[in-house]
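The values are calculated or read from the model by the stated rules, or taken from the named source; none is laboratory data. As the structure is a prediction and not an experimental result, all values here were calculated from the model. When we count neighbours, we look across all protein chains shown, and the Cβ atoms used for this are built from the backbone with ideal geometry, even at glycine. SASA here: full protein model, heavy atoms, side chains in, ligands and nucleic acids out. Shrake-Rupley method; radii C 1.70, N 1.55, O 1.52, S 1.80 Å.
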Amino acid sequence: MGLTTGFDPMAGMPEEGSDLEWFLDAKLGIFIHWGIYSVNGVSESWSFFNGHIPYDEYMAQLSGFTAEKFDPYAWAELFERAGARYVVLTAKHHDGVALFETALSDLSVVRKTPAARDLVAEFCAASRWKNLKVGLYFSHLDWSHPDYSPVSPGCTAAAMEDGKVFFRWTEGPYHPSWRNFIEFHRGQIRELCHNYAPDLLWFDGDWTPGPNWWDFETLRDDIDLWCPGVVVNSRIGKSGDYATPEQGVPIVSPRGPWEFCVTMNDSWGYQGKDRNYKSLRQIVRLFAECIGMGGNVLLGIGPMADGTIPAEQIERLEGLGQWMKRHAEAIYGTRAGLPHGHFNGPTTLNPSGDVLYLFFFDRPAEQRNSLSVKGIRNAVRSVSVVGSRQSLGFRTIGGASWAGIPGVLWIDLPPSALDRNATVLRVELEGPLDLFRGEGGAVTTN
């Protein structure tokens, strides 16, 4: 019997040697929002745009951004221990302050802050030292550039009138100021590509003033010339490589490659007053849920203005890394596992499709401490605990194998096998997964 109703366990596998292959295999990235907003612990860029503080007060934080304790090699070691395979740093947020040396503007931490360092260059060098793929975040928007809109610099939500302010330029995207801005925008992206050769470009701010203003298709062509092989996220019109849902774990897997972007607490950048941290167990759970649907997780942290990563964030990164190290075979290089309804938890498959990994978060409730998996037609060779290789008993109950209708696989799970954050089981199958997806019905032969 073959697969039914179109389920393909290898869906999403990249073509061998494709630019996306490393991304699909990586599973975990670290998203670093670092900028002058960390000085006073305010919301990055949005704090002045939304009118919480005046623009001048926001920009006054330039004088307090020292990066004096920034040790990029210690950062890279921490991210490696956390189990990350790639990192993304905010090279420039919506406020227009560049963390890199740019010949196109004086508004950079190199020229305008006590840090006086090209932080992107140091970050890239250290990350590559630990074989981490390098991602650079770049905002299309620039709320400090005088040519970005008719009300720049320091534009606010009230002044922008939900984007309608651009209608004041009767020439639309051909207005001289906008063409100047596009030249600047392209120039800074070209600098990032030529000077730092990122493996990934993470764009943001594509919603205003509209796709026709940005000419994203031409931009992507340019990027592919400036930085061949670079992976680009979805916030570049229809010219990106993967989707970027954020903050709310998807219930249904997005189509194609994707990455779930999420904060550790409620803030992207450093905000000392925000103590609403997710527990390690919660982070492990959302991570397992995402990779079980075929996605990656881009986990956010927010360093302080001096380059110190808060202790709460370090603790969670270290804990996540310890759990991932024990369960690496069920994580890296795997693809989405079983559809919903087959197992009460996330699952992944190895590349050949003959090993199924089950992620379980709680203690089995019934007396025999058993877990069930439905719909597997394959014979099962063995079941063991990932991390300890402890062998587990299993049996199949019910079904009508002669009619292609499988029984239910029951796996014994003693308390000694449980992991406090998430237990992972290895189910070795005879041959690639053969999954029953039908409605069932009468068995007419016996």
Subject >> DSSP beta bridge pairing in the chain, given as percent antiparallel to the nearest 5 >> reply: 50
Original post:
Cα centroids of segment 148-200 and segment 360-426: how far apart, whole angstrom?
Top reply: 55
**OP:** Hey, can you find the accessible area per residue of segment 173-263 for me, probe 1.4 Å, expressed in square angstrom?
**Re:** 43
Subject >> Bins of 10 Å, starting at 0 and running to the largest distance - Cα pair percent for segment 179-260 >> reply: 16, 48, 28, 7, 0
**OP:** Wrap a convex hull around the Cα atoms of the chain, take a quarter of its surface area, and give that in square nanometres.
**Re:** 23.7
Original post:
What list of ³J(HN,Hα) couplings, whole Hz, do you get for segment 313-321 from phi and the Karplus terms 6.51, -1.76, 1.60, once you set θ to phi - 60° and write x for glycine and proline?
Top reply: 6, 4, 4, 6, 5, 5, x, 4, x
Subject >> Unit Cα scatterers, Debye sum, segment 21-87: log10 I(q)/I(0) for q = 0.18, 0.24, 0.25 Å⁻¹ >> reply: -0.78, -0.96, -1.00
Original post:
Per residue, how many Å² of accessible area does segment 355-395 show with a 1.4 Å probe?
Top reply: 50
**OP:** Relative to the longest principal axis of the C-alpha atoms of the chain, give the angle of the C-alpha long axis of helix 72-81, reported between 0 and 90° and rounded to the nearest 10°.
**Re:** 20
Subject >> Rh by Kirkwood over Cα pairs, then Stokes-Einstein D for segment 306-432 at 0.890 mPa s and 25 °C, µm²/s >> reply: 155
Original post:
What Cys residues in the chain are without a partner cysteine, judged by a Cβ distance under 4.7 Å?
Top reply: 124, 155, 261, 290
Subject >> Between 0 and 90°, nearest 10: helix 280-292 axis offset from the chain longest Cα axis >> reply: 80
**OP:** Would you work out the charge dipole size for segment 327-446 about its Cα centre, treating the Cβ of every Lys and Arg as +1 and the Cβ of every Asp and Glu as -1, and quote it to the nearest 20 debye?
**Re:** 80
**OP:** Return the Rg/Rh value of segment 67-142, two decimal places, where both radii are evaluated on C-alpha atoms and Rh is the Kirkwood radius.
**Re:** 0.99
Original post:
Leaving out ligands, DNA and RNA, what percent of the accessible area of the chain is carbon and sulfur, probe 1.4 Å?
Top reply: 49
**OP:** Would you calculate the volume per residue, in Å³, of the smallest convex hull containing every Cα atom of segment 90-248?
**Re:** 129
